[in-house]
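The values are calculated or read from the model by the stated rules, or taken from the named source; none is laboratory data. Please read all numbers here as calculations on a predicted model, not as lab measurements. When we count neighbours, we look across all protein chains shown, and the Cβ atoms used for this are built from the backbone with ideal geometry, even at glycine. When the accessible area is computed, the model is the full protein with side chains, heavy atoms only, and any ligands, DNA or RNA have been set aside. Shrake-Rupley method; radii C 1.70, N 1.55, O 1.52, S 1.80 Å.
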Amino acid sequence: MVKKTIKQLADELNVSKDKVKYQVRKLPSELTIKENGITYIKNTGIEIIKENIQGKIPNEKTGELPNDYLVNQLEFFQKELEKKNTQIDHLQQLLENQQILTKQTLDEKKQLELEFSELKKEEPKSWFRRIFG
């Protein structure tokens with residue numbers, strides 16, 4: 001069984017001890033051993049930490065992220081962008097529909113006001129004119 005200290009693993013991965021400590025805290029206690037106040041990480045734990053850290057940080061030598069990570073991020077953001085564009089199109093259509101309905105309502109209101117004003121302008125007929133007129 002291979003076991004390493006936090007410092008050894010941090011040096012191997014070219015990261016700070018704090019990053020490795022954080023990953024160790026997330027591991028089940030069965031994957032770590034504490035001897036004389038020093039925490040050792042078992043082989044399975046080392047592999048898990050390597051996968052977690054190497055998938056998240058840039059490659060120190062080239063300053064680039066692993067290709068798979070970049071491709072996955074690109075696909076994820078393209079899907080998100082498509083969803084947002086669809087949402088924007090839908091909201092824009094709803095807004096256009098609302099504007100059309102508002103215009104129709106205003107037109108109807110103007111027409112009713114016009115009809116009402118015309119009815120008011122007509123002279124009231126006397127009861128005699130209403131009957132014989």
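Scanning the range 116-133 for residues that are open to solvent by 90 Å² or more (accessible area, probe 1.4 Å) and either in contact with a His (Cβ under 7 Å, 6 or more places away or on another chain) or assigned to a helix (DSSP H, G or I) (or both) turns up F116, E118, L119, K120, K121, W127, F128, R129, R130, I131, F132. Filtering the range 3-27 to residues that are open to solvent by less than 80 Å² (accessible area, probe 1.4 Å) and either outside any helix (DSSP H, G or I) or polar (S, T, N, Q) (or both) leaves K3, K4, T5, V15, S16, Q23, L27. Assess whether D68 counts as being open to solvent by 100 Å² or more (accessible area, probe 1.4 Å) and either under 36 Å from the mean Cα position of the chain (by Cα) or of a type outside the set (G, A, S) (or both). It is true that D68 is open to solvent by 100 Å² or more (accessible area, probe 1.4 Å) and either under 36 Å from the mean Cα position of the chain (by Cα) or of a type outside the set (G, A, S) (or both). Of the candidates E47, E30, the single residue that is open to solvent by 60 Å² or more (accessible area, probe 1.4 Å), more than 16 Å from I6 (Cβ to Cβ), at pLDDT below 90 and among the charged types (D, E, K, R) is E30. For the range 50-65, filtered to residues that are among the β-branched types (V, I, T) and surrounded by 11 or more Cβ atoms within 10 Å (Cβ to Cβ), the residue that is modelled with the lowest pLDDT is I57.
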